[in-house]
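Bear in mind that the values in this text are calculations on the coordinates, not laboratory data. This structure is a prediction, so every number in the text was calculated from the model and none was measured. All Cβ positions, even for glycine, are placed from backbone atoms using ideal geometry, and neighbour counts span all protein chains on display.
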Amino acid sequence: MRVDILTIFPSLFDSFLGESLLRKAIDKEILDIRVHDIRAFTENKHGNVDDIPYGGGAGMVMAAQPIVSALESLKKEGNPRTVLLTPRGKPFRQRDAVRLAKEERLILVCGRYEGVDERITSQIDEEISIGDFILNGGEVAAMAVVESVFRLLPGAVGSPESLESESFEENLLGYPQYTRPEEFRGEKVPDVLLSGHHKKIDRFRMERRIERTVQMRPDLLERSADAKRGGINFSIALVHYPVLGKDGRVITASITTIDIHDIARVARTYGAKSAFIVTPVEEQRKLATRLKEHWMEGDLLKGEFERRVEALGILQPASSVGEMISIVKRRAKKVKMLATSAEESDNAVSADEWLFTADEADEWIILFGTAYGLAPELMKQADSRLEPVVGAGEFNHLPVRGAFAIITDRLFGRRRSKEDE
């Protein structure tokens, strides 16, 4: 790869290009970096590259002519991708580094002063910022882009495997690292890292990556979770037993026809395999079956009720949680359950955190409790527990239909950021 850097301070790059892995990449001809002084391209007799802004204002503006002349000269040698380093640019992320590393040639233009004359933009392919802060110029930003891009080039980094687990891969921060001695000032290396059990070590590291990302960069976690939505097999279960009554005792709740309709429609909207109604009461299971059959027959299959009929087609009564699991295991080898609750819990996870463990099962069953929530025995049986939906005030008594619509959207709803538009 060849990188041309346009700057009014070329000597700033001397030490940067002469050290560490970057120097080795240049020596091995993996990378060809050429630094150009913008002043060499100016056409005015004083050699100025800046002037006062039209319309007034503080500071100076970099003139268009020297930059455009430099770019025109460099572009005679090919068709490089041209990047302006500027605070107003699009935030630079790891995926941008990956994208730019695929280019054969780059030109990095280092802005200075109060900015550059807008008339250079016809020569620019994209504008990049390395953060929401102001630097004296684009030189440090250009160094950051070069550093992040070159290490992705084949042969630039000694161990390609090290790139796969770094910060921002999968939009997660890196896991904590340790080296000798095993104990330092009373703090020991975690036992799992000394165990030699590679699967446990991988799990530990992924858990720490998620934990660190939740604490430091929750925006990254949300971004990565979005990428995982849509590829998860799941079913929704409306559980009527075992659930809690108002007095805290385990009871069997009654089904309502509106619950049946709504869970089926929500489940179908978000791509669930099945919408289970779990109750040990035979008459109530028959009621759910009759309701389904009623809508599946005759003229209701067409016309204005067609969508509702389609949703009710995935409705499935089950006499117990065990029977429901058996039904799912006919199509999925490894089945896990995710419990929901209105109560806070130390071991509850957010929707985004759960999405990182979702590939541990061939199909998940999302459990929603009627009455006053799932019984403790069922909560313990679940493989994971989701943090509750919390409203704006102290009142916390969502109807189950509202809860499963909100939670299902958090887990499986399509997100669309401005970057995707």
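List of remarks:
- Projected area, mean over directions - the stretch 1-59, Cα convex hull, nm²: 6.0
- Pair-distance profile P(r), taking every C-alpha pair of the chain, with 10 angstrom steps and integer %: 4, 16, 20, 17, 14, 13, 10, 4, 1, 0
- The calculated FRET efficiency for ASP132 paired with LYS228, based on their beta-carbon distance and R0 = 25 Å, is about 0.35.
- Spin-label pair ASP409-ARG95: with each label point 7 Å from Cα along the Cα-Cβ axis, the two points sit 2.3 nm from one another.
- Note: the stretch 315-421, Cα convex hull, 151 Å³ per residue.
- Convex hull volume per residue, computed on the Cα atoms of the stretch 181-270, equals 239 Å³.
- Stokes-Einstein D in µm²/s, Kirkwood radius over Cα pairs - the stretch 171-216 at 4 °C with 1.567 mPa s viscosity: 112
- Available extension along the chain between GLU187 and SER20 is 57.0 nm, counting 0.36 nm per residue and deducting the alpha carbon span.
- R0 of 35 Å, Cβ-Cβ distance ASP362-THR256: FRET efficiency to nearest 0.05: 0.65
- Of the GluC sites (Glu not before Pro) in the stretch 1-99, those whose Cβ has at most 10 other Cβ within 10 Å and which sit in DSSP loop: GLU19, GLU29, GLU43, GLU77
- Simple spin-label estimate for MET60 and SER326 in nanometres, 7 Å along Cα-Cβ: 8.4
- Per principal axis, descending, Cα span of the stretch 232-420 in whole Å: 50, 49, 39
- Sparse-neighbour loop sites [trypsin sites (Lys or Arg not before Pro); the stretch 228-327; at most 11 other C-beta within 10 Å; DSSP]: LYS246, ARG249, LYS302
- Note on the chain: GNM, Cα springs under 10 Å; of ILE236, ILE277, ILE251, the largest mean-square fluctuation is that of ILE251.
- Looking at the stretch 333-370, the trypsin sites (Lys or Arg not before Pro) that sit in a DSSP loop and have at most 10 other Cβ atoms within 10 Å of their own Cβ are LYS333, LYS334.
- Once both labels are positioned 7 Å from their Cα atoms along Cα-to-Cβ, the gap between MET216 and HIS46 label points is 4.8 nm.
- Inter-part distance where the stretch 98-140 and the stretch 294-363 are each reduced to a Cα centre, Å: 49
- Between the stretch 23-66 and the stretch 192-207, the Cα center-to-center distance that results, in Å: 50
- Modelled FRET efficiency - R0 30 Å, ASN347 with ARG180, Cβ distances, 0.05 increments: 0.35
- Projected area averaged over orientations for the stretch 1-149, convex hull of C-alpha atoms, nm²: 9.1
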